[in-house]
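What follows is one structure encoded as structure tokens, with my remarks underneath.
The values are calculated or read from the model by the stated rules, or taken from the named source; none is laboratory data. Nothing here was measured: the structure is a model prediction, and the numbers come from that model. All Cβ positions, glycine included, derive from the backbone under ideal geometry; neighbour counts span all protein chains shown. Only protein heavy atoms, including side chains, enter the accessible area calculation; ligands, DNA and RNA are left aside. Shrake-Rupley method; radii C 1.70, N 1.55, O 1.52, S 1.80 Å.
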Amino acid sequence: MRNQFLIIASTLLIATITLWFFNFLPLGVAIPILIICLLGFRDAFQKKHTILRNFPLLGHFRYLFESVSPEIQQYFIERNTDGRPFSRNYRSLVYQRAKNVNDTSPFGTQLELNSSNYEGLRHSIYAKSVQHELPRIRVGGTECKKPYEASILNISAMSFGSLSANAIMALNAAASKGGFYQNTGEGGLSPYHLKNSGDIVWQIGTAYFGCRTKEGGFDPEEFKKKAQHDQVKMIEIKLSQGAKPGHGGVLPASKNSPEIANIRGIEPHTEVHSPPGHSHFSDAKGLLEFIKELRELSGGKPIGFKLCLG
Ligand SMILES: Cc1cc2nc3c(=O)[nH]c(=O)nc-3n(C[C@H](O)[C@H](O)[C@H](O)COP(=O)(O)O)c2cc1C
């Protein structure tokens, strides 16, 4: 294709210049032809994109279609029940509820209820009366001065920084309204978590964001100040999570804004690592001692830990 293009474009280029020179072709027609030929030559001789080098000019269509592919997929191909992680049906329901319009749409019939991997809940044939009090679980044993009555469903750990300020505030408002807790994630306790008075579980990861010494270790005084906040109901030590099982994590310099740095206790605009393991302890006994230390510093709140198994 490249060789054919070079032959055709060279011939066209020479013919266009000759015809224009002898006044057989107006300048308004000659110039667009010249631009197209030169663009093709640039494609054919550049070394960065193989597709453009092998298919000069035509290769641009590939990039054009690629750029509109998500829209084509979403508007023309995706069915109501497709889409990951949430189908169009579920997304529409969320939009309807967010706008306070009718949210009772019977979309169940669009699902393939008899397929072997269909997962669902069937209601009991013996109707029960509605329980007005939501079931709760007491977290905290005899050594906890401030046990917490936790809801069964809560908001999993997602840090400020990975989520925007508005998302953090919206989730916390939901936690307050629904009587469940929001886990801060390892990115520390931000002012946005405290704006809407929803219950908080403060997660402490291996980088000790928000309770960290200059060297990146655990700072008991910083921890004590924040952990005693009334809205913080429990503390979670993060050992690992499913997406990063024992790998730690990286906060890229470009995402480390002054605001995020201030909340996390780090230098802004620098790359900061969450190491694979904790520096404050190194074995199971150390973990238990850390739990005891945090419980005392927090004024007797429940301390748990998160790890992934696989
Ligand atoms: C944007 C985002 C940020 C997350 N940040 C953390 C985090 O800071 N700490 C953590 O333990 N897990 C974090 N997770 C993992 C979630 O808490 C949760 O364990 C994971 O998403 C699996 O639950 P899911 O299947 O309901 O998504 C994060 C997940 C997402 C999507």
- Of the chymotrypsin sites (Phe, Trp or Tyr not before Pro) in region 24-96, those whose Cβ has at most 14 other Cβ within 10 Å and which sit in DSSP loop: Phe24, Phe86
- Among Leu153, Leu134, Ser164, the residue whose Cα sits farthest towards the positive end of the charge dipole of region 110-167 (+1 at Cβ of Lys and Arg, -1 at Cβ of Asp and Glu, taken about the Cα centre) is Leu134
- Message: How big is the dipole moment of region 136-306 about its Cα centre under a simple scheme where the beta carbon of each Lys and Arg is +1, that of each Asp and Glu is -1, and everything else is neutral? Debye, nearest 20, please.
- Response: 460
- Item | Cβ-placed point charges (K, R +1; D, E -1), dipole of the chain about Cα centre in debye, nearest 20 | 240
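Of all accessible surface on the chain at a 1.4 Å probe, what whole percent is carbon and sulfur?
Taking all protein chains in place, the chain shows 60 percent carbon and sulfur surface.
Could you work out how much longer the chain between Asn3 and Val130 gets when fully extended? Use 0.36 nm per residue separation minus the Cα distance between them, nm to one decimal.
That pair, Asn3 and Val130, stretches by 38.1 nm at full extension.
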- To the nearest 10 degrees, how steeply does helix 88-98 sit against the main Cα axis of the chain, on a 0 to 90 scale? 60
- Task: For Tyr181, list long-range residues whose amide hydrogen, built 1.01 Å from N in the peptide plane, is under 5 Å from its own amide hydrogen.
- Result: Ser151, Ile155
- Task: For helix 59-72, report the angle its Cα long axis makes with the longest principal axis of the Cα atoms of the chain; keep it between 0 and 90° and round to the nearest 10°.
- Result: 40
- Item | Cα-based helix-to-principal-axis angle, 165-178 vs the chain, degrees rounded to 10 | 40
- Note on the structure: Fraction of alpha-carbon pairs in region 171-310 farther than 24 Å apart, rounded to whole percent, equals 28
- Message: Can you work out the Karplus-derived ³J(HN,Hα) for every residue in region 268-281? Use 6.51 cos²θ - 1.76 cosθ + 1.60 with θ = phi - 60°, whole Hz, and x for glycine or proline.
- Response: x, 6, 10, 7, 10, 9, 8, x, x, x, 7, 8, 7, 8
- Looking at the P(r) of region 1-118, how many percent of alpha-carbon pairs lie beyond 24 Å? 58
- Task: Evaluate E = 1/(1 + (r/R0)^6) for Asn154 and Cys308, where r is the Cβ-Cβ distance and R0 equals 25 Å; express this FRET efficiency to the nearest 0.05.
- Result: 0.90
- Note on the structure: Under the 7 Å Cα-to-Cβ spin-label approximation, Lys292 and Ser67 lie apart by a distance in nanometres of 6.3
- Check Lys238: other-chain or 5+ apart residues with amide H under 5 Å from its amide H, H built from backbone geometry? Ile204, Gly205, Lys306
- Task: Write down the accessible area per residue of region 158-261 in Å², having rolled a 1.4 Å probe over the full set of protein chains.
- Result: 42
- Query: So how compact is the chain: Cα radius of gyration and Dmax in angstrom?
  - Reply: 29.8, 100
- Note on the structure: Taking every DSSP bridge whose two residues both lie in the chain, the antiparallel percent to the nearest 5 is 40
- Item | Dipole axis of the chain (+1 Lys, Arg; -1 Asp, Glu on Cβ), positive-most option in Val94, Leu194, Ala175 | Val94
- For Cys144, the net charge from surrounding residues (Cβ-Cβ under 10 Å; K, R +1; D, E -1) works out to +4
- Task: Before anything else, pin down the relative contact order of region 2-57: Cα pairs under 8 Å, at least 6 apart, normalised by residue count, whole percent.
- Result: 37
- Query: From the phi of every residue in region 144-158, what ³J(HN,Hα) in whole Hz does the Karplus formula 6.51 cos²θ - 1.76 cosθ + 1.60 yield, where θ is phi - 60° and glycine or proline is x?
  - Reply: 8, 7, 10, x, 10, 8, 8, 6, 6, 10, 9, 9, 5, 4, 8
- Item | Label point distance in nm, Leu111-Ile35, each placed 7 Å from Cα along Cα→Cβ | 5.4
- Ordering Val130, Val68 from largest to smallest accessible area (1.4 angstrom probe), what's the sequence? Val130, Val68
- Query: Amide H neighbours of Val139 under 5 Å, counting only residues 5+ apart in sequence or on other chains, H built in-plane at 1.01 Å?
  - Reply: Tyr148, Glu149, Ala150
